[in-house]
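This report refers to the structure that appears directly beneath it.
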Amino acid sequence: MEDAKKLEAFQAKIDADIKIEPKDWMPEKYRQTLIRQISQHAHSEVIGMQPEGNWLTRAPSLRSKKILMAKIQDEAGHGLYLYCAAETLGVKREQFLEWLHEGKAKYSSVFNYPTLTWADIGAIGWLVDGAAIVNQVSLQGTSYGPYSRAMVKICMEESFHQRQGYEIMVTLANGTDEQKEMAQDALNRWWWPSIMMFGPHDADSAHSNQSLKWKIKRESNDELRQKFIDKTVEQGLHIGLTFPDPDLKWNEEKGHYDFGAIDWDEFWNVVKGYGAGNKKRLAHHKEAHEVGSWVREAAIAYANKKNNIQKSA
Amino acid sequence: MEKDNQGILWEVFIQVKAGRPFKHVGSLHAYDKEMAMQSARDLFTRRNEGNGIWIVKADDIISSQSVDDEAFFDPSNDKVYRHPTFYEVPDGVKHI
């Protein structure tokens, strides 16, 4: 009875667009959904540094190396913003890492694809970050205060990421035949994984309805996917690239692009851990964590020592 | 502190420029004050977001309960005489 009343008051707040803050009452399922979603988002930012880091030492110029470093540093920061937002729900940082390492928490499957050429760095910035931005702009309006604030900061910082990726694509598309081919090849490989980033179709999405009702999500997977496609296709055509989807065409009546069927078997295969990079990404993260343990130990010892000196002084 | 952990949670406040109030921007983990300051600079001021940083241990913050706890702020609502709109000023009187 008490809970039903609380639930009603909670929904009324949500409906009135009042943000939920950490100490407010919330349904357990709301809390669990946020813990899953925000930590998954945080893990994605951090794991997403790996495919980009792969090209750091081979960036074609000092300019592009500096830019890529700045972008990767941003991703690390975004991971930290999100971990902190997730922690406000009562789960410790150590626990989030443990769940990731045990395979209990997921990260965006798109980061399990390899970055084979420099053009892939362009395609990631343009398409993967582009898709992430569409999602994140929408999530600025999410009902949970700390998540919403993290999204606002992330969107502000992320705006250069897509441009740096597109700039790489523009440069290659205007280059030699071989370079243009590289750009096209990267687009061919990254297009479908990018549009899969929005998740299953609305009809097949396990968590969507409740999340929309609680305004954890503000737009559905399919709505966001359509937004991304409508924005992106023009950008590709403008620089003379083509999309690997014969069914992709402008629908005058709808005012949107039509697109072909998505290969969901491929999607679920990678989600379930059989993608090209799943094992490698996770193993690398674990190793970095373990190899870095002496740094944490030293920092703790140093902090303890200083505390003791302060106490005895 | 225990042996392997992610450090203490700190809350970070930034002043955009002199004369402005410090505003909460987020939190971070660090093992001591110096590290907290270094990390806050790296994490929150890479794009000229401010020129002043305050950092407080999250545990040291005293906060009110949630907004659901309305009674706590109740007394201020029935003292309407705290607001200038409560008072009547004769027509024609200016600058008050």
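Given N residues in segment B:17-96, what is Rg(Cα) / (2.2 N^0.38 Å)?
For segment B:17-96, the normalised Cα radius of gyration comes out at 1.80.
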P(r) of segment A:169-242 over all Cα-Cα pairs, 5 Å bins starting at 0, rounded to whole percent, reads 3, 15, 20, 17, 12, 10, 9, 7, 4, 1, 0
Average Cα contact separation per residue, chain B, under 8 Å, 6 or more apart, as relative contact order %: 26
Globularity ratio of segment A:224-277, using Cα Rg and 2.2 N^0.38 Å: 1.38
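In the calculated pair distance distribution of segment B:1-41, what percentage of Cα-Cα distances lie above 17 Å? Working shown, then result.
Details: 318 of 820 pairs.
Value for segment B:1-41: 39 percent of Cα pairs lie more than 17 Å apart.
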Going by how many other Cβ atoms sit within 10 Å of their own, how do A:Glu297, A:Glu234 line up, fewest first? A:Glu234, A:Glu297
Cα-based Debye curve of segment A:131-190 sampled at q = 0.21, 0.27, 0.30 Å⁻¹ gives log₁₀ I(q)/I(0) of -0.78, -1.00, -1.12
Exposure proxy ranking, count of Cβ atoms within 10 Å, fewest first, for A:Cys84, A:Cys155: A:Cys155, A:Cys84
Could you give me the percent of Cα pairs per 5 Å distance bin for segment A:209-250, shortest bin first, beginning at zero and ending with the bin that holds the maximum distance? 5, 19, 21, 18, 11, 9, 11, 5, 1
Summing -39500 (n - 2.57) over every DSSP H run of at least 4 residues in chain A and dividing by its residue count gives a helix-only mean residue ellipticity at 222 nm, to the nearest 500 deg cm²/dmol, of -21000 deg cm²/dmol
Angle check, please: helix B:33-44 long axis (alpha carbons) against the longest principal axis of chain B (alpha carbons), in degrees 0 to 90, nearest 10. 70
Anything over 24 Å Cα to Cα? Flag those among A:Lys106/A:Lys249; A:Lys71/A:Lys215; A:Lys153/A:Lys217, in the order listed. A:Lys106/A:Lys249; A:Lys71/A:Lys215
Segment A:72-172: GluC sites (Glu not before Pro) in DSSP loop, at most 15 other beta carbons within 10 Å: A:Glu102
Sorted by Cβ density within 10 Å, fewest first, the residues A:Leu282, A:Leu7: A:Leu7, A:Leu282
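Given Cα pairs under 8 Å that are at least 6 residues apart, what percent is the relative contact order of chain A?
Averaging sequence separation for qualifying contacts and normalising by length gives 18 percent for chain A.
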Selection of chymotrypsin sites (Phe, Trp or Tyr not before Pro), segment A:164-239, meeting DSSP coil and at most 15 other Cβ within 10 Å: none
In percent, how large is the relative contact order of segment A:1-108, given Cα pairs closer than 8 Å and 6 or more residues apart? 34
So which trypsin sites (Lys or Arg not before Pro) in segment A:227-271 pass both tests, a DSSP loop state and at most 12 other Cβ atoms within 10 Å of the Cβ? A:Lys254
Taking chain A as a Gaussian network, where each spring joins two C-alpha atoms under 10 Å apart, which residue of A:His238, A:His201, A:His101 fluctuates the most? A:His238
Please work out the Cα convex hull volume for segment A:24-65 and give it in Å³ per residue. 70
Kirkwood Rh for segment A:1-85 from C-alpha pairs, in Å, is 15.7
Where only alpha carbons of segment A:197-298 are counted, the Rg and the Dmax (Å): 19.4, 64
Segment A:101-164: C-alpha gyration tensor shape, a/c 1.5 cut-off, then a/b vs b/c: oblate
For the protein assembly as shown, what are Rg and Dmax over the alpha carbons, in angstrom? 24.5, 83
Taking N as the number of residues in segment A:35-105, the ratio of its alpha carbon radius of gyration to 2.2 N^0.38 Å works out to 1.27
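Read-outs: derived from the displayed coordinates by stated rules, not from any lab. Because the structure is a prediction, the values reported are computed rather than measured. Note that each Cβ is placed from the backbone with ideal geometry, even for glycine, and that neighbours are counted across all protein chains shown.
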